[in-house]
């Protein structure tokens, strides 16, 4: 169970950092972000989560805000997975969680 929780936490953290990095590179590079290879790599990593957020969000959410929705959903998922990890670690003992 702990292995599954740790895997979910890692995937969530990677996706959060990819979306955060994509946003920062997008702001820094402006209109030229489409030609930035680092931006495209981060976009490829975050795209599955943005697509899922598009499917989960109502139609009135503007497409340019969907990455923000994905970031917020992933942040909540990270909090939930972290709380699950703490719960499991308390049950089995902190020493076994290291």
Residue 5 being out of contact with any strand residue (DSSP E or B) (no Cβ under 7 Å at 6 or more places or on another chain) and modelled with pLDDT of 95 or more: yes
Count, please, the residues in region 84-97 that happen to be loosely packed, with under 10 Cβ neighbours inside 10 Å and closer than 16 Å to residue 10 by Cβ. 0
May I ask you to list the residues in region 37-70 that are farther than 25 Å from residue 82 by Cβ and buried (at least 17 other Cβ atoms within 10 Å of the Cβ)? 39, 43
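The values are calculated or read from the model by the stated rules, or taken from the named source; none is laboratory data. Please read these numbers as outputs of a predicted model, since none were measured by experiment. Every residue, glycine among them, receives a Cβ derived from its backbone with ideal geometry; neighbour counts consider all protein chains shown.
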